[in-house]
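In what follows, a single structure is set out as structure tokens and then discussed.
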């Protein structure tokens, strides 16, 4: 099993992306957040195809904290069914990954 992972999350705007990321960092559930510029998302919702601009957040954390972080994101998120996808990290800069581990809760 991977020791670290990235949580991919989408939100409606920059303010929510920053607030959500800051909260998760302060609560030591994630070490780092990368927030994209606005991206166009197309999806079907309630029977119609929608087009909206969203922000993507890439949150790095330890794999054993992913479920806690996911639960917290669900509590804080403005969407009914937020996009939260876990990507296990299977390699990378060991010094960076060690830093990720040091930044989050034990």
Exercise for the section: Give the relative contact order (percent, whole number) for the chain; include only Cα pairs under 8 Å separated by 6+ residues. Expected result: 43 percent
Handout entry: the chain - convex hull of alpha carbons, volume per residue in Å³
Key = 106 Å³
Fill in the blank from the handout: With Cα springs under 10 Å, the Gaussian network model of the chain assigns the largest mean-square fluctuation among 32, 83, 50 to 50
Fill in the blank from the handout: Among 27, 51, 16, the residue with the largest mean-square fluctuation in a Gaussian network model of the chain built from Cα contacts under 10 Å is 51
Completion exercise
What helix-only [θ] at 222 nm does the chain give? Using -39500 (n - 2.57) per DSSP H run of at least 4, over all residues, to the nearest 500, the answer is -10000 deg cm²/dmol
Completion exercise
In a Gaussian network model of the chain with springs linking alpha carbons closer than 10 Å, the residue among 70, 61, 90 that fluctuates most is 90
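Values in this text are rule-based calculations from the coordinates and carry no lab data. Keep in mind that this is a model prediction, so the values were computed, not measured.
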